[in-house]
């Protein structure tokens, strides 16, 4: 007989940033991704260009871009081990 294990799966949230002129999205991890998402969403609505500098956790150490280059932003929940 096969026994099934229902272990809870860990999830984390990633902020995915789409920039104009870039073919691939940028995936960033933060301690508080909801706050970063809200901040970038607000900057995306602003018509004045602002230089944005972010230091996410993970493989990307520092990211700089102009706020008017944001094409889209997504908050994604994903499983991890």
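We did not get these values from a lab; they are worked out from the coordinates using the rules stated. Since this is a predicted model, take the numbers as computed values, not measurements. Every residue, glycine as well, gets a Cβ built from its backbone with ideal geometry; the counts of neighbours run over all protein chains shown.
Rounded to two decimals, what is Rg over Rh for the stretch 22-63 when you use alpha-carbon atoms and the Kirkwood radius?
That ratio is 0.97, to two decimals.
Run the numbers for residue 69 and residue 39: contour at 0.36 nm per residue of separation, minus the present Cα-Cα distance, in nm.
So the chain would gain 9.3 nm between residue 69 and residue 39.
Quick check for you: which residues of the stretch 57-81 have the amide N under 12 Å from the point 7 Å beyond the Cα of residue 18 toward its beta carbon?
Once the point is set 7 Å along Cα→Cβ of residue 18, 70-75 turn out to lie under 12 Å by backbone N, inside the stretch 57-81.
Quick check on the chain: helices-only [θ] at 222 nm, where DSSP H runs of length 4 and up contribute -39,500 (n - 2.57) each and the sum goes over total residues. Nearest 500, please.
Dividing the helical sum by the residues of the chain leaves -5000 deg cm²/dmol.
Counting pairs of alpha carbon atoms under 8 Å apart in space and at least six apart in sequence, what relative contact order in percent does the chain give?
Relative contact order of the chain: 41 percent.
Restricting things to alpha carbons, tell me how big the chain is in terms of Rg and Dmax, in Å.
Calculated on Cα positions, Rg and Dmax stand at 16.1, 64 Å.
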